[in-house]
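Here is the structure we will look at.
Derivation of every value follows stated rules applied to the coordinates shown; laboratory data play no part. Just so we're clear, the structure is a prediction, and the values are computed from it rather than from any experiment. Every residue, glycine among them, receives a Cβ derived from its backbone with ideal geometry; neighbour counts consider all protein chains shown.
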Amino acid sequence: MVKKITDFEITIDQDNVMLLMDCGKDSNVYPRVVEELEEILEEAYQRIEPVALLAIGQLGQFEDKIEGIKASRKRDEFLGLYVMKSIGRRISEWSTQCFEEGDYLKGMLVDAVADDYLFQMNETLKPVIVEMCLERGYGVERRLEAPHDLPMSVQRKGWELTKAKELAGIDIKESFMLDPVKSTCKVFLLKENSKEFHVDHDCSTCPNLTCKLRKT
């Protein structure tokens with residue numbers, strides 16, 4: 001069964017957007033960028049079409065790729081909670097349009113706003129993930145992300161399991177990249193009879209050293 005969520009009450013975080021823009025308060029252009037951000041926010045909210053799809057399923061061939069898991073675990077015990085989320089096409093199309101028209105500041109701001117919204121969806125979904133697992137007697141042993149925890153092909157497994165095409169209009173390419181661009185697929189490794197929920201992204205193990213929202 002797939003759980004679908006479209007009701008998100010998220011407020012764009014100005015500080016996050018400025019971080020993503022590489023624009024600190026000591027920058028001469030900071031006031032102008034903040035002013036431009038305030039001007040685009042209303043339309044940005046209108047163009048963002050958030051959706052999250054959650055489904056539990058087997059990890060199948062991917063269990064051999066997970067490091068640090070006891071070999072004694074049976075194959076049918078490798079269950080994952082697949083979480084597909086997207087903010088739709090319209091916000092990215094707007095960013096592309098801005099760049100094509102030569103308005104690079106607005107294009108970058110729209111893209112940063114989209115990234116911040118998608119990032120904040122993670123926090124909003126945490127209690128949903130916990131509740132969904134508790135109902136079925138599972139905890140979350142680990143959060144897994146492609147490509148550094150699992151191969152990119154796991155995104156197709158998540159795409160199929162969550163019925164992302166039928167329920168949210170999300171496509172997937174031969175390269176396993178999702179379309180719309182502002183879409184992600186995360187997998188949470190489940191553990192039976194556990195009350196631990198390790199749902200947070202671990203920046204200390206993430207290979208993306210250039211991420212502007214990196215916390216360590």
0 to 90° range, to nearest 10: angle between helix 30-47 axis and the chain longest Cα axis: 60 degrees
Packing-wise, with mean Cβ within 10 Å as the measure, how do 129-138, 11-20 rank, highest first? 11-20, 129-138
In sequence order, what are the phi-derived ³J(HN,Hα) couplings for the stretch 5-15 according to the Karplus relation 6.51 cos²θ - 1.76 cosθ + 1.60 with θ = phi - 60°, rounded to whole Hz, with x for glycine and proline? 10, 10, 8, 10, 10, 10, 10, 4, 8, 4, 5
Using a cut-off of 14 Å between beta-carbons, work out the net charge of the residues near Glu131 (Lys and Arg +1, Asp and Glu -1, Glu131 not included). +3
Of Lys3/Lys157; Lys3/Lys191; Lys126/Lys173, those spanning more than 24 Å from alpha-carbon to alpha-carbon: Lys126/Lys173
Angle between the Cα long axis of helix 90-100 and the longest principal axis of the chain, 0 to 90 degrees, nearest 10? 40 degrees
Could you work out the pair-distance distribution P(r) of the chain from its alpha-carbon pairs, with 10 angstrom bin width and percents rounded to whole numbers? 8, 31, 34, 19, 7, 1
